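First comes the structure, then the notes that go with it.
The values are calculated or read from the model by the stated rules, or taken from the named source; none is laboratory data. Here the structure is a predicted model, which is why all the values come from computation and not from measurement. Note that each Cβ is placed from the backbone with ideal geometry, even for glycine, and that neighbours are counted across all protein chains shown. Quick note on the areas: whole protein, heavy atoms, side chains included, nothing else; ligands and nucleic acids left out. Shrake-Rupley method; radii C 1.70, N 1.55, O 1.52, S 1.80 Å.
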Amino acid sequence: MSNISSVLEEKRLFPPAADFVGNARLDADSLAELKAAAQKDPSGFWAGLARRELAWQTPFTQVLDDSRAPNYAWFADGRTNASANCLDRHLGERGDKVAIRFEGEQGDTRNWTYRELHAEVCRLANGLKSLGVTKGDRVVIYMPHTPEAVIAMQACARIGALHSIVFGGFSAGALRDRIDDASARLVITADGGWRGGNIIELKKAVDEALSSGCKSIEKVVVFRRSGHEVAFDDSRDVWWHELVATQATACDPEWVEAEHPLFLLYTSGSTGKPKGIQHSTGGYLLGAHMTMQWVFDIRDDDVFWCTADVGWITGHTYVCYGPLSNGATILIYEGAPTVPDAGRFWKICQDQGVTIFYTAPTAIRALMKLGEQWPAKYDLSKLRLLGSVGEPINPEAWMWYHRVIGREKLPIVDTWWQTETGAVMMSPVPGATATKPGSCTQPLPGIFAEVVDEAGERVQGTEAGGYLVITQPWPSMLRTIWGDNERYIQTYWAQFKNRYYVAGDSTHRDADGYYWIMGRVDDVLNVSGHRLGTMEIESALVSHARVAEAAVVGRPHEVKGESVFAFVTCNGERPQGDEAEALIKELRAHVGKEIGALAKPDEIRFADNLPKTRSGKIMRRLLRSVAKGEQITQDVSTLENPGIVAQLQGKA
């Protein structure tokens, strides 16, 4: 790890367009001023932003408390409320502005103004209070991707209850484990949701989860979305529409301490039970709020579409809290990107007047595979900014995004951050930063990143590779792991004796100070004594005309230490027989030419799809198990296509 080799040769540079710079919130000079202020006095920098940008019922006098480091606290004696910051302060100037535009997979559409959204949130908040939910209680939200999920989040925040969203694609067993770990008092769900033309049986999964545990649950609130018949326990279950029908449209916010937990969000651990990431109210909200301005250049007339489900941190920060705290208009789409056809995303952009589009590299690559003729059918001229989130974007996908969707003139903000960081940490600032395809460029103001070796020492030189760490605390950082602070310390801090936050990602910093995320540390391959990032090999494969998507993992090798195992999906039908053998040789030679012989895959396996969750994330641990020939023990119920496992194993 002392210096992970970077073999990706990417020299293209795209400065921001002059017309964008002229209207941007931040240009290069103003960005430099922010970074200089943060460098001079980091905690004072954040304190000034918190006082200016957030609404406080009790102003804070304490800024950063590091007396219990690495359990940091920010603005601890201040009192605020996330829902009041997202809704109440917009009721005057923006009361009649559309807050949420919604499009269902079936084609139904609805709009909520800020005044209407505030009323709906208050009605549900009052309904939750009538069921006994109070400050500090945990409420699990297991919903389709509809505005009601955001309403439920805001209602919990309004009364000081912690929400814990479980992605609607998770199984009943995964839901049960999360309910039990949080000792949740109530579940908010729906009869079902639409995905890929099918109904996702959410209420059925809740019933199954509660039948095998979850003794803490007292009530289940059920939103009627799909309209199909579901089992209903009159002693426990409550229809959403009946609960809110008689409730008042005003509900005073519960003013909570800045360090009061806003939510728990469970993320998979490398082994064992999921980790309940705990985020605060004040610090988290500040990170969400400021990054909307810095990264997305948000304006009052924007229609902002983050395609992530609220079940993931991206949906928390850039569907619910960040945009609404800035008074923006957001778009929520319920279903799959290819229903009824491969033009659905682009048709939505046209019909809904989307100006900022933020999605995952997996989605971009899937849409690339379907062909340029689909976006060409629609008027995308209102788009002014594009974004990427979730994993490193390979240069080939970046260039397609730039050329086909961005018309070779729109900025692309390639963002690096994590569930644990709460908000974007590294990204181009669109009016200030020249971009490089595949690089998240540089840390934002107030974020201090570094590349260190296995001893925790800074890797010197103009080309540095190693562990990515954050050297100073920041407001939106996770506070602990729910119920297991020792695990929090061991997972994120202990490796370097609590000196740094350890991101778990390997990185390369180039001569211009730009960062290139090379994958999780676990995904770095040790091939004949050389440390190679999987992202670079994947990028080389995808640059071949036949390849739509690739995922690379390591497999133990008695001579080389590890060998390179690649899973590949192709443009067109999956090659088989002699055609597959010929393409494997061609791809190995292509990788050798692009990177070097060291990176040539030892084995390539073709599949119709890669194993992705419904959020678009590739299940790399599953691929590692397949490559090693291990028995599959992971829960595959969250996969978009569970049947793909046999194909990946070479059995179909």
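Remarks
- Rounded is the label for region 328-420. Its Cα gyration tensor axes, ordered a ≥ b ≥ c, give a/c under 1.5.
- Using a Förster distance of 45 Å, the FRET efficiency for Asp41-Asn111 (Cβ separation, nearest 0.05): 0.55
- Antiparallel %, DSSP beta bridges [both residues in the chain], to 5: 60
- Relative to one another, the C-alpha centroids of region 52-101 and region 406-445 are positioned 25 Å apart.
- The chain - percent of accessible surface contributed by carbon and sulfur, probe 1.4 Å: 46
- Counted residue by residue at 0.36 nm each, then reduced by the alpha carbon distance between them, the extension gain from Asp300 to Trp255 reaches 13.5 nm.
- Distance in nm between pseudo-label sites at Thr267 and Ala17 (7 Å out along the Cβ direction from Cα): 3.4
- Rounded accessible area per residue of the chain, 1.4 Å, Å²: 36
- For the pair Glu581 and Glu454 in one chain, pulling the backbone fully straight at 0.36 nm per residue adds 41.7 nm over the alpha carbon distance.
- With R₀ set to 35 Å, the beta-carbon distance separating Thr61 from Asn485 gives a calculated FRET efficiency near 0.85.
- Of all lysines in the structure, those lying under 20 Å Cα to Cα from Lys628, and not within fewer than 8 positions of it along the same chain, are Lys560, Lys600, Lys612, Lys651.
- For Thr338 and Ala28, the difference between the fully extended length at 0.36 nm per residue and the C-alpha to C-alpha distance is 107.7 nm.
- Here the simple spin-label model places points 7 Å from the Cα toward Cβ, and for Gln649 and Ala589 these points are separated by 3.5 nm.
- Residues of type lysines that Lys219 reaches as a straight line, Cα spacing below 21 Å, ignoring anything fewer than 8 places off in the same chain: Lys129, Lys135, Lys203, Lys204
- Helices in the chain, meaning DSSP H runs of at least 4 residues, each add -39500 (n - 2.57). Divided by all residues, the mean residue ellipticity at 222 nm is -8500 deg cm²/dmol.
- For the chain, averaging the sequence separation of C-alpha pairs within contact (under 8 Å, six or more residues apart) and dividing by the residue count gives a relative contact order of 14 percent.
- The tail of the calculated P(r) for region 346-495 beyond 18 Å holds 65 percent of all Cα-Cα pairs.
- The chain: translational diffusion in µm²/s, Stokes-Einstein, Kirkwood Rh over Cα pairs, 25 °C, 0.890 mPa s: 97
- Inter-site label distance for Glu573 and Phe232 at 7 Å from Cα along Cβ, in nm: 4.9
- The alpha-carbon positions of region 432-516 define a convex hull whose volume is 103 Å³ per residue.
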